[in-house]
1. Kindly establish whether Leu421 is under 23 Å from the mean Cα position of the chain (by Cα), in the same structural domain as Gly281 (by TED's automatic domain parsing) and over 21 Å from Lys322 (Cα atoms).
2. Select, from Lys424, Lys360, Lys348, Lys364, the only residue that is at pLDDT 95 or above, surrounded by fewer than 18 Cβ atoms within 10 Å (Cβ to Cβ) and farther than 30 Å from Gly300 by Cβ.
3. Val370: surrounded by fewer than 20 Cβ atoms within 10 Å (Cβ to Cβ), assigned by TED's automatic domain parsing to the domain that holds Asp303 and not small (Gly, Ala, Ser), yes or no?
4. Give me the pairs: first residue in the range 403-427 and free of Cβ contacts under 8 Å to residues at least 24 places away in the same chain and closer than 15 Å to Pro347 by Cβ, second residue surrounded by fewer than 20 Cβ atoms within 10 Å (Cβ to Cβ) and of a type outside the set (Ser, Thr, Tyr), beta-carbon distance under 7 Å, and six or more apart or on different chains, which are they?
5. Is it the case that the range 133-154 has a residue that's of a type in the set (Val, Ile, Thr) and buried (at least 19 other Cβ atoms within 10 Å of the Cβ)?
6. Would you point out the residue of the range 161-188, among those that are surrounded by 21 or more Cβ atoms within 10 Å (Cβ to Cβ) and over 16 Å from Val109 (Cβ atoms), that is nearest to the chain's Cα centre (by Cα)?
Amino acid sequence: MGLRKALRWGCFGALGVLVGCGGMDDGRAPDESPGQGQMDAEVTAAATAESPPDGVEAAPTLTLHDTHQVQATPPVRPPPAKFQPGFHQALRLSGGVGSVTTYRLKVPVGRAGSRVRVTFRSGDGSMTVQRATVAKAGANGALASAPVTLTFSGQAGFTANARTLVTSDPVDFPVGFRDELALSFEVKGSVAQSMIDAFPDSWMRSGAYATTQGALGGQQWQKSLAVATVDVEGAPGRAFVAIGDSITEGYMDTFNDTRDAWPALVEKQLGVPVVNSGVSGQGFWDANIQLPQEVLALQGVTDCIVLLGTNDLGATDMNVEKLQQRMTQLLDQLQPMCRLWVSTLLPKEKTNEGSYDAVKTQRKAFNEWVRKLTRADVIDLEAVMRQPANADLFKDGLEVDGIHPSAEGHRVMADEVVRTLKAKGGL
């Protein structure tokens, strides 16, 4: 069969699969064929076509009867999937678990994907996890899906020394954006835990029950414990971490909910992960010390939001120059990792340390310095939280105790963060 006949009838020839064969009838009868010279020229032209650059899939080349060549657009290859954080909690406290106890934490994940891995953190001494599972969370401590066992270098559990991060092997476990997971693990020893109660519908029970699918029983537990990070493997994208103190961690009262804190509200609006590395009581000194384990250890973070300094105001040895120096140290550590976003400090209506006049003076001067930063994008949260006539006071309804934002305050903060990120960050 001649090449022209193959083109007409959509057949396979020396050139491979022919593209667009259905509309190329040249008017000849099916049994007619071109001269040998013309056919040789066509085959030679196709064989000597320019090779595609490395890494680009070659598209089939088609030589038409008028000697023009057409090459189909090569298919676009999606970027490879990668692990990025879907949940994170800085675990600054240390607690002791004398005998094997099962904890079942209910945590939200801000990222969709097909596989997960979980990073555990020990406390001030050694910790042993003998078994751990992941499942979709149900109500009252029950599981909404069958538990999937986690392994650690192929083993069912591990023992870690003090203040050590241990990451599980990846496991097939599809999750959607804002799914709530139940992480169940049997543990004893020294475990790291969060500063505040912010994880309702989590449970603990003495004994080994990590594979129990029904309600765990035992007693309710409100802190994040041992589980530092949940990474989700999916399409690569923006991934934020929020660094701060109790205002970022989400403290409002005796019992709190991490889903009501401003990072979670920003995450929900933007549709990208905004994981929380806030620690109640934290200042610049301890943030700089803990940064390697609590932030720099995260993989796949693209953006860092810093709201920090409130707890440093008014300290006996503190002045504006030290505040600026310690913020600079923090940003120096973060800059190789992520795009920097820095917020002004919120109003502070009282102080538990030092002179309140010093607090007001330092906060005003520090905020003026932050607004002039060029190495970071500035989010001016003070501007939306302060009273118009007095920058030291919150707007009515936006605080609970003169220092910490209310639930409404967190919503106002989240809206301003989203507005700024969209305006400056291309989201």
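1. yes
2. Being at pLDDT 95 or above, surrounded by fewer than 18 Cβ atoms within 10 Å (Cβ to Cβ) and farther than 30 Å from Gly300 by Cβ holds for just one of Lys424, Lys360, Lys348, Lys364, which is Lys364.
3. When the stated conditions are applied, Val370 does not pass them.
4. Glu408/Gly397
5. There is at least one residue in the range 133-154 that is of a type in the set (Val, Ile, Thr) and buried (at least 19 other Cβ atoms within 10 Å of the Cβ).
6. Residue satisfying both the conditions and the ranking: Phe185.
The values are calculated or read from the model by the stated rules, or taken from the named source; none is laboratory data. These numbers were taken from a predicted model, which means no experiment stands behind them. All Cβ positions, even for glycine, are placed from backbone atoms using ideal geometry, and neighbour counts span all protein chains on display.
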